[in-house]
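The block underneath contains the structure these notes are about, expressed in structure tokens.
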Amino acid sequence: MRIIFIALTISLSTLCFGQKFKVDTVYQSGPVESRINFVILPDGYTSQELGKFTEDVQKFITTFIATAPFKQYKHYFNFFAIEVPSEESGANHPGTATDVSEPAHPVLKTNNYFSSTFDYYQIHRLLLATDVAKVYQVSADNFPMYDHVIIIVNSEYYGGSGGDYSTASTHPYSSEVTLHELGHSFGRLADEYYAGDFYAQEKVNMTKETDPEKVKWKNWIGTDGVGVYQHCCGESSALWYRPHQNCKMRTLNAPFCPVCTQALVERIHTLAPTLESYTPKENTIEAGLDSLVFSVNNIPVEPNTISVAWEVNGTKVAFGQDTLVVFPDLFEIGTNKVVALVEDTTNMVRVDDHASLHLNKVEWIVQKSHIGKYDISSSAQRFSAKIYPNPAFDKLNILIESEGEKNISMIVSDASGQKVLRKAMKQEKAWTVDISSWAKGAYFVTFYSGNTALGVRKVVVE
């Protein structure tokens, strides 16, 4: 059975005041600073029904960690549920949709917390939490380091939406719907059915290019059914092409196609760098040493696709292990260098020059004296930035984790490209920006090391 999904780009509304709610740690694989943090919100659950919300959350997480590529990268995610009770149960259904014979299910007016409703834009299955400001304010007030928001609406009827956050009902297909909507809101993917001219645009998995040698997914052509398939039907659909005939971005219970899987893995790599920590940082070891031990700690992938290559003074000495034991006679008197190169070699990614895009590198300098004393210093080539809350209202927090990158600066530009802020980060790791005077809208924060761009983050100011 094929069920069509609806995607929606959400626009922000007015600001609401903060309120504290109970936050449950539902699934935690590691520190919030180094993981992708999902917040799950309930709508249409009364205080007596929050136990059901917990069960519904667990059902989704069970599906999430069983679905590729999240299955392989489950250790990169944390999930937190915020218990927000509604005055009344369910989702609004005004019965005003024009794409079905209404009422498709019973008309209902209910007092739920985030104002979730069916029939948005007169599309029956378009279920949206319409009080967008409340969604983000509750998330920011109760778990400010969130990366993405999911809303579960307590309604047995089929519906959902994707945009800046993901929404789905508790229909039996809800977990599948939520995964599809995450493809939009987390993976920035297009539908692989034709949703209409309003939604048609160049994306990772949607294009007007027809040449297999030039199409953006050219590295996947001929693998697992990937090709260049014309969209159908109506409006300008004949101008647009998709990479696959059976993808989760098109139908329920299908896997993500290779092109969409790659995009999701790259999104994971961007938000949570593989290298988490390393030892030693600095050390001085006196004479009489039997060996020196160097190690890296990486966020695991299942099955393991993390490659660690070790070099000592430019010579490759080991591969595929997280720890290197070096005996003193390998070190020369004077300056020595130990290097660990960390890369995810997953076959789910065929991105040109992928190694340079997501390579993590640790370098130790070992000074060996004539009396056998060792002075060890270290540096790492890695960079990550968390910006929260997002959307932001009056203040924006920026948390930098960077080693090996010097002269870090950032430039904030609005949607027109006009620069609104330039900041040299110097030695700062955390910074709060007063944005109370900024106009509402989308902004882009670009981080630089010297003149080299390290990455771009989008933030919405409300």
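The values are calculated or read from the model by the stated rules, or taken from the named source; none is laboratory data. Since the structure is predicted, the reported quantities are computational estimates derived from the model, not experimental observations. With ideal geometry, Cβ positions are generated from the backbone for all residues, glycine too; neighbour counts draw on all protein chains shown.
What is the residue count in the stretch 242-258 for residues that are touching an Asp or Glu at 6+ places or on another chain (Cβ under 7 Å) and either among the hydroxyl-bearing types (Ser, Thr, Tyr) or part of a loop (DSSP other than H, G, I, E, B) (or both)? Even if it seems obvious, please write down each step before you answer.
Just the residues of the stretch 242-258 that are touching an Asp or Glu at 6+ places or on another chain (Cβ under 7 Å), to begin with: 242, 244, 247, 249-250, 252-253, 258.
Those still in the list that are either among the hydroxyl-bearing types (Ser, Thr, Tyr) or part of a loop (DSSP other than H, G, I, E, B) (or both) too: 244, 247, 249-250, 252-253.
Total satisfying the criteria: 6.
Within the stretch 43-61, the only residue that satisfies the criterion of being outside any helix (DSSP H, G or I) and of a type in the set (S, T, N, Q) is Thr46. The residues of the stretch 90-127 that are assigned to a strand (DSSP E or B) and either within 21 Å of the chain's Cα centre (by Cα) or over 27 Å from Glu462 (Cβ atoms) (or both), listed by number, are His93, Leu108. Checking Lys218, Lys203 one by one, the residue that is touching a Pro at 6+ places or on another chain (Cβ under 9 Å) and among the charged types (D, E, K, R) is Lys218 and no other. Close Cβ contacts (under 6 Å, 6 or more residues apart or on different chains) running from residues in the stretch 200-220 that are in contact (Cβ under 8 Å) with a residue 12 or more places away in the chain and closer than 18 Å to Cys247 by Cα to residues that are small (Gly, Ala, Ser) and surrounded by 16 or more Cβ atoms within 10 Å (Cβ to Cβ) comprise Lys203/Ala190; Val204/Ala263; Asn205/Ala190; Met206/Ala190. For Val226, are the conditions met, namely being within 30 Å of Ile387 (Cβ to Cβ), among the β-branched types (Val, Ile, Thr), crowded, with 21+ Cβ neighbours inside 10 Å and modelled with pLDDT of 95 or more? Answer is no for this residue.
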